[in-house]
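Notes for the one structure printed next.
The values are calculated or read from the model by the stated rules, or taken from the named source; none is laboratory data. What you see is a predicted model; the values in this text were computed from it and never measured. Because the Cβ atoms are built from the backbone with ideal geometry, glycine has one as well, and the counts that use them run over all protein chains shown.
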């Protein structure tokens, strides 16, 4: 890591020592979602001392505009968001009850309910990915930890790929699409936080890339695909983290830095946008709900 006054380099990637903004227009929050849609980044819902159902967007990470302060879905946390069929999709989460509703929007302002009750159980801390031209919902918590996997071609009709994947039932893990495979990384199960890594070429048959990656077992971390690598950023392993790890293959992991310039945090989001990797908000080690926005390229 080569430090300068304004930036440091991580394996050829530059991360400014100052945020794009230290205080975005949306409130400090955790357990929100971020998606890239219509050439903008979108921040949806989460928790800022109360559950939220506001929707914000930005074309540059600095200036944020509120698309709506009250979308028609209930205010909630630990839901998922994905971009599929040229729409934003919003799935499940927790609003005081476990949710299994599915919503979509063409513009982030007007939302339509695809179904109020998908066949998978109401849940939070699940993941959603777009893979093989389908939406996928993986794991989560519905009162018990889950390792079921569901997919849909249209967001309305859902099929169960398996009710018990070989990885342990878990929530607040991450899922990414990399090397034409689905990947599931970390999270928390009935007994412990995890640092295992699993992959599948079809969503049904899963293989374990490693049962103990070198990063600490954790949950509420984030994962992205950037620069042809998988990236793991921060999260909670008993304490909040601000380390960054990457892998070319999901098996061998390299620590890019053990201390990024943003504060230690969990339940943040990341996005790949404008050829940069972005880190947005979350819950800091000082128990502060954050609305800072960071980028590196």
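Values for this structure:
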| quantity | calculated |
| --- | --- |
| Selection count, the stretch 6-29, where residues are at pLDDT 95 or above, surrounded by fewer than 15 Cβ atoms within 10 Å (Cβ to Cβ) and touching a strand residue (DSSP E or B) at 6+ places or on another chain (Cβ under 6 Å) | 2 |
| Residue, nearest to the chain's Cα centre (by Cα), within the stretch 135-170, restricted to residues that are at negative phi and touching a residue at least 60 places away in the same chain (Cβ under 8 Å) | 136 |
| Residue 66, sole failed condition from (1) closer than 20 Å to residue 128 by Cβ; (2) touching a residue at least 24 places away in the same chain (Cβ under 8 Å); (3) in a strand (DSSP E or B) | (1) |
| Those strands (runs of 3 or more DSSP E) lying entirely in the stretch 85-169 with at least 1 residues under 20 Å from residue 183 (Cβ atoms) and modelled with pLDDT of 95 or more | 87-94, 127-131, 134-141, 145-152, 158-162 |
| Positions within the stretch 247-261 being surrounded by fewer than 16 Cβ atoms within 10 Å (Cβ to Cβ) and not in a loop (DSSP other than H, G, I, E, B), in sequence order | 254, 255 |
| Residue match in the stretch 30-46 (condition: at pLDDT 95 or above, assigned to a strand (DSSP E or B) and over 19 Å from the mean Cα position of the chain (by Cα)) | no |
| Single residue of the stretch 220-246 satisfying the filter (in contact (Cβ under 8 Å) with a residue 60 or more places away in the chain and either surrounded by fewer than 24 Cβ atoms within 10 Å (Cβ to Cβ) or more than 16 Å from the chain's Cα centre (by Cα) (or both)) that is nearest to residue 268 (Cα to Cα) | 246 |
